[in-house]
Each structure stands twice: as C-alpha cells, then as structure tokens.
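The block underneath contains the structure these notes are about, expressed in structure tokens.
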Amino acid sequence: MSALLNDPLLRLRPMREEDLPQVIAIEEAAYAFPWTLGIFQDCLRVGYCCWVISLGERVVGYGVLSVVLDESHILNLCIQPEWQRRGLGARLIQRLLSVAREHGAETAFLEVRVSNDAAFKLYEGLGFEEIGRRREYYPASQGKREDALVMSLEL
Ligand SMILES: CC(C)(COP(=O)(O)OP(=O)(O)OC[C@H]1O[C@@H](n2cnc3c(N)ncnc32)[C@H](O)[C@@H]1OP(=O)(O)O)[C@@H](O)C(=O)NCCC(=O)NCCS
C-alpha cells in the first residue's frame with residue numbers, strides 16, 4: 001500500500017463551493033476537454049454527491065456521483081496528475097461507492113473513454129464490468145469524437 005494512504009493529513013470530505021478554484025485547476029491539468037466552473041457549480045447546486053480528497057487544505061482530487069432511486073452514476077473522478085498512481089483514485093471511488101450504497105443505490109454506472117487505460121484498469125480492478133459502448137460520446141482532438149465504454153457494478 002502507498003505510504004500516502006496512511007498520511008494523517010489525508011482526508012475525504014464533501015466538496016464545498018470554496019474548493020472550486022482548486023478543483024478547476026486540477027480538472028484543467030488532467031483533462032483535454034475539462035468541465036467548466038459552471039458545471040461544477042451546477043453539480044453542487046442540484047445536490048449531487050461531490051467529494052474531495054485532500055492533503056490538509058490542499059485538494060488533490062475529487063469525484064462527482066449522482067444517485068436516482070436504486071441507480072448511481074459516477075460522473076467524474078479525477079486525481080491531480082502529480083498525485084496519481086499512489087492509490088488515491090481507488091480510495092476516492094471506494095468512498096463514492098459507499099456513499100451510493102448509503103443512498104440506497106444497488107448499481108453503479110459510469111462511462112470511460114476507450115483510450116483511457118488507467119481509468120478502465122482502475123474500474124475493472126474494482127469489479128466493474130463493461131456492459132456497452134456509446135458511439136462518439138466524447139469530443140476528441142481535431143474535431144473528432146471518441147467512443148465511451150459503459151461499465152457497471154452491482155453494489
Ligand atoms: C483514473 C485516475 C482517477 C486513477 O487515479 P489514481 O490515483 O492514479 O489511481 P490509483 O493509484 O488509485 O490506481 C488504482 C489502480 O488503477 C489502475 N491504474 C491507475 N493508473 C494507471 C495507469 N496509469 N496505468 C495502468 N493502470 C493504472 C491500476 O490497476 C491501479 O492499481 P495498482 O497501482 O495496484 O496497479 C487518474 O488516472 C486520473 O485522475 N486520470 C485523469 C482523469 C480521468 O481520466 N478520470 C477518469 C474519467 S472516466
């Protein structure tokens with residue numbers, strides 16, 4: 001296990017409006033097609049489960065989950081590039097899945113770019129299974145589109 005996971009400064013907590021500058025900086029560093037500030041503000045406003053993972057006051061990752069009846073959907077999961085591959089993404093998604101269960105969800109769904117090996121391996125390692133493909137779901141470079149794999153996990 002990565003030593004970082006035992007760091008006493010490591011915290012998981014609900015996202016707050018004042019985290020958004022740090023969240024957006026990570027989003028823009030980690031994704032070629034980042035969400036906007038307005039999308040995160042909407043996620044907080046409509047009551048999605050938005051969580052951050054932090055080292056003290058420093059946000060190093062975040063995730064966004066929606067739960068409707070017995071279905072949950074992981075809408076975003078992101079770790080700051082410098083802090084990737086130390087177990088934080090796995091720790092964060094496990095918390096999101098616990099939150100989904102606490103809200104009564106029985107299944108978790110997510111989409112992932114076909115090219116995103118890191119995320120696919122993370123999800124597969126947690127037991128998510130590929131259940132479908134959405135054609136040309138994501139924007140890609142040079143005006144092209146990229147397919148999404150749809151994955152699900154029974155909670
Ligand atoms: C996907 C992401 C959240 C993973 O977070 P992370 O903190 O780096 O992942 P972890 O260190 O917890 O890794 C857990 C497991 O995921 C897999 N994994 C993570 N990154 C990987 C990589 N670059 N290559 C291969 N496998 C990888 C491994 O199975 C790993 O277990 P291991 O370290 O024991 O081999 C992170 O890469 C990220 O933020 N990427 C940019 C945003 C993104 O693509 N989000 C997903 C959108 S669907």
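Looking only at segment 101-108, decide whether some residue is within 12 Å of the ligand (Cβ to nearest atom), farther than 23 Å from Arg16 by Cβ and β-branched (Val, Ile, Thr).
No, because not a single residue in segment 101-108 is within 12 Å of the ligand (Cβ to nearest atom), farther than 23 Å from Arg16 by Cβ and β-branched (Val, Ile, Thr).
For segment 67-87, name all the residues that are among the small types (Gly, Ala, Ser) and either open to solvent by less than 20 Å² (accessible area, probe 1.4 Å) or out of contact with any Leu (no Cβ under 8 Å at 6 or more places or on another chain) (or both).
Ser72 - this is the single residue of segment 67-87 that is among the small types (Gly, Ala, Ser) and either open to solvent by less than 20 Å² (accessible area, probe 1.4 Å) or out of contact with any Leu (no Cβ under 8 Å at 6 or more places or on another chain) (or both).
Show the residue pairs meeting these rules: Cβ distance below 9 Å; 6+ apart or different chains; first residue within segment 140-155 and more than 15 Å from Glu130 (Cα to Cα); second residue open to solvent by 30 Å² or more (accessible area, probe 1.4 Å) and polar (S, T, N, Q).
Final answer for the pair search is Ala140/Ser115; Glu146/Ser115.
Determine the pairs where a residue that is within 8 Å of the ligand (Cβ to nearest atom), located within segment 118-135, has a partner that is not in a strand (DSSP E or B) with Cβ atoms under 6 Å apart, the partner being 6 or more residues away or on another chain.
Leu122/Gly89
Kindly check whether there is at least one residue in segment 15-27 that is touching a residue at least 40 places away in the same chain (Cβ under 8 Å), touching a helix residue (DSSP H, G or I) at 6+ places or on another chain (Cβ under 9 Å) and under 27 Å from Glu146 (Cα atoms).
Within segment 15-27 (the criterion being touching a residue at least 40 places away in the same chain (Cβ under 8 Å), touching a helix residue (DSSP H, G or I) at 6+ places or on another chain (Cβ under 9 Å) and under 27 Å from Glu146 (Cα atoms)), the answer is yes, since at least one residue qualifies.
Name the single residue that is surrounded by the most Cβ atoms within 10 Å (Cβ to Cβ) among those in segment 4-62 being away from the ligand (no atom under 13 Å from the Cβ) and small (Gly, Ala, Ser).
Among them, the one singled out is Ser54.
The values are calculated or read from the model by the stated rules, or taken from the named source; none is laboratory data. Here the structure is a predicted model, which means the values were calculated and not measured. All Cβ positions, even for glycine, are placed from backbone atoms using ideal geometry, and neighbour counts span all protein chains on display. For accessibility, only protein heavy atoms count, side chains too; no ligands or nucleic acids. Shrake-Rupley method; radii C 1.70, N 1.55, O 1.52, S 1.80 Å.
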